[in-house]
Structures are given as C-alpha cells and as structure tokens.
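Undergrad: Supplied in structure tokens, the structure appears directly below.
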Amino acid sequence: MDPNTLSPDLRRLFSGVELYTDHRPYALVSLPRDQMRPVTILFGGLADPFAALIVDKAEITVLMHELDWSLGSRGLTGMRVENDFRLITFDLVLDLDTVGFIAVVSRLLAEADLSLLPLAAYSRDHIFVRGRDFARAWKVLSDFIAECKQIKDEPPTLRSDPSPSGGAGGR
C-alpha cells in the first residue's frame, strides 16, 4: 500500500505510532456461555496484561497468555483452544472518532497474505497474529510506518478567505 494514498491525517497517525509486543504466546479460547462464572474468576487472578474477555450471544471468547490460561483453565468444559497468537499493539492514543486506522492495518496484512485478529481498547488498538506469521507482520507494519515518517506533510493551512463565495464570511 502506498502511504501517499492515505489522507494526511491518517498518514500522520501512522507516522507517530510505535509498535509494541511482549513476545509472549497467547491462547484464543471459545467457551459455552454456561462457563461465565468460572471465566470471570479466572480474570480476577491475572498478574500481567494482556487479556480480553468477549461475551456475545453465542459464546465466551477469552484471549490471554498461554501460561495464564493453562494454569487457570482447569475445570472448564466445552472449550476450543487455539494457541500461539502474538500481540502487536499500536502504541498511540487514538481518538475514538478515528476512521480507517485498522482498515489500513488490515489491508497491509491482507496484501501480505496474513490474517489478523483486531481488538480495540479504549485508547489503543491491538492485533493478534499467528506466531508463525509474527515476524512478517511486524516487518510489513514497521516498513509502512517508516515510509509514512519519510513523507513530510504540510501542516493544514488556513485560507485567508474561508467563505466559499470569496466574500466576507464567518466560520
């Protein structure tokens, strides 16, 4: 993807982002809804971030370090587990009205034939990729961020006459 095709605002966001990972493997788990109580207890005993709990009408999804999952999941039934996902955090506080950020990330990784699992926290976006794909995903994203940093956008300029008709006008 050519960073010149992005809006200047989106390109500036990518120019300012730092990638973060904790280099730890994560488990992605699906559980039946009747396991809600023991799963919430499991979250109470976590020592370190990152972890996510999603409850929808069909299932409970848990994403946490493999070690935390293996220690805390005893006694849970009906689970499906996929291991070796890796965290990539876009370490930049994003406005809640930001449009297109994850779409660009998704397109970059899709063009490299890499899948992702996106998750949004209140102020930062995260993705998880398979461990076998982590190095390639990191490189694709790092290279794109470096390209965005090379482009020197002009700051937005104020027109001396903001009215569309050229006459005196307000805001």
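Undergrad: For q = 0.09, 0.11 Å⁻¹, what log10 I(q)/I(0) does the chain give under the Debye formula with an equal point scatterer on each alpha carbon and no solvent?
TA: -0.42, -0.58
Undergrad: A further question follows. Treating cross-link reach as a plain straight distance, find the aspartates and glutamates whose alpha-carbon is under 13 Å from the alpha-carbon of Lys57, omitting any fewer than eight places away in the same chain.
TA: Answer for Lys57, where 13 Å is the Cα cut-off: Asp34, listed by chain and number.
Undergrad: In terms of Cα to Cα distance under 30 Å, which lysines are near enough to Lys139, apart from those fewer than 8 places away along the same chain?
TA: Lys149, Lys152
Undergrad: To continue, here is another question. Within a 10 angstrom radius of the beta carbon, how do Leu94, Leu53 rank from fewest other beta carbons to most?
TA: Working: Leu94 17, Leu53 14.
Fewest-to-most Cβ neighbours within 10 Å comes out as Leu53, Leu94.
Undergrad: How large is the Kirkwood hydrodynamic radius of segment 1-66, in angstrom, based on all distinct alpha carbon pairs? Don't skip to the answer; put the middle values down first.
TA: Numbers: mean 1/r = 0.0674 Å⁻¹.
Across segment 1-66, the inverse of the average 1/r is 14.8 Å.
Undergrad: About its Cα centre, what dipole magnitude does segment 1-115 give when the only charges are +1 on Lys and Arg Cβ and -1 on Asp and Glu Cβ, stated in debye to the nearest 20? The partial results should precede the final answer.
TA: Working: 10 positive and 17 negative charges, 75 e Å.
Here the size comes out at about 360 debye.
Undergrad: Show me, bin by bin at 5 Å from 0, the whole-percent P(r) of segment 32-90 based on Cα pairs.
TA: Spelled out bin by bin, segment 32-90 gives 4, 16, 32, 26, 16, 5, 1 percent.
Any read-out appearing in this document is the output of simple, stated calculations on the displayed coordinates, not a laboratory observation. Everything numeric here is computed off the predicted structure, so don't read it as measured data. Heads up, the Cβs are rebuilt from the backbone with ideal geometry, glycines too, and the neighbour counts pull from every protein chain shown.
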